[in-house]
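The values are calculated or read from the model by the stated rules, or taken from the named source; none is laboratory data. The model shown is predicted, which means the values in this text are computed figures rather than measured ones. As a convention, Cβ positions derive from the backbone with ideal geometry for all residues, glycine included, and neighbour counts pool all protein chains shown.
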Amino acid sequence: MDIINEAMRIFTDAGIGDAVRVTLAMALASVTISAFLGIALGILLEQCHFPGKRILIRINHTLLGIPPVVVGLLVYLLLMRNGPLGAFALLFTIKGMVLAQIIIITPIITSMVYSYAFTTAPAVRAFAVTMGASKWQTQILTIKEMKYEIYFAIVTGFGRAISEVGSVMLVGGNIEGRTRTMTTAISMLKSQGIYTEGVTLGVLLLVFAFILQWAAESFQKRELENENY
């Protein structure tokens with residue numbers, strides 16, 4: 001009972017509520033933009049043949065392992081007052097954090113979609129040609145055939161977005177009520193020795209991850225049931 005009361009106190013705390021709000025707003029915005037970019041780039045990489053394609057794929061794979069704090073530093077330098085994008089006043093804002101997250105998440109979704117398309121798209125295109133489908137119809141069919149994989153790529157990107165610390169700390173500044181996320185709040189609470197609130201926020205992040213996984217499995221199960229009919 002004490003644990004439940006403590007959890008309720010934390011959830012109703014204004015600072016924690018703002019951290020949850022900022023986290024979800026940042027994650028949804030960054031994943032939405034990254035999904036459009038990543039899906040388009042992944043499919044184009046699989047379909048198009050041009051000089052330097054292998055190098056481009058390797059660069060994308062390299063970006064998968066780039067430390068987020070490095071991305072945060074680069075974005076910070078871009079957005080600082082004397083930086084190239086300083087006139088837009090995006091530093092220490094959610095929009096600036098979204099920009100950093102897009103740079104981190106887009107290569108992840110691109111790589112996953114490219115891998116799925118590399119193994120799936122050729123057979124789909126061959127089938128579409130035999131059915132007399134147009135290029136646009138073939139493209140739509142390819143995306144439909146990869147819908148589960150694309151969905152999981154987006155879920156993976158969202159999971160990365162809500163768990164990020166280094167880049168959002170640098171770009172957002174961890175300002176209470178404005179740019180403080182759940183992960184940066186956990187980091188701050190740990191440094192202050194306030195472990196109960198930190199653990200509770202960690203559990204809440206796990207709950208978000210569970211909901212995403214449950215939604216993914218439910219979506220796949222429902223689609224399979226519809227196909228069986």
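Below, the figures for the structure above:
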read-out	value
Tally, over the stretch 60-79, of residues that are in contact (Cβ under 8 Å) with a residue 60 or more places away in the chain, part of a helix (DSSP H, G or I) and either touching a strand residue (DSSP E or B) at 6+ places or on another chain (Cβ under 9 Å) or under 17 Å from S163 (Cβ atoms) (or both)	4
Filter result (of a type in the set (G, A, S), crowded, with 18+ Cβ neighbours inside 10 Å and modelled with pLDDT of 90 or more) within the stretch 107-164	S111, A117, A153, G157, A161
Leading residue by the ranking (nearest to the chain's Cα centre (by Cα)) among those in the stretch 126-157 that are in a helix (DSSP H, G or I) and of a type in the set (S, T, Y)	T156
Residues of the stretch 158-174 satisfying the condition of being outside any loop (DSSP other than H, G, I, E, B) and in contact (Cβ under 8 Å) with a residue 60 or more places away in the chain	F158, A161, I162, G166, S167, V168, M169, L170, V171, G172
So I105, is it β-branched (V, I, T), touching a residue at least 24 places away in the same chain (Cβ under 8 Å) and either in a helix (DSSP H, G or I) or at negative phi (or both)	yes
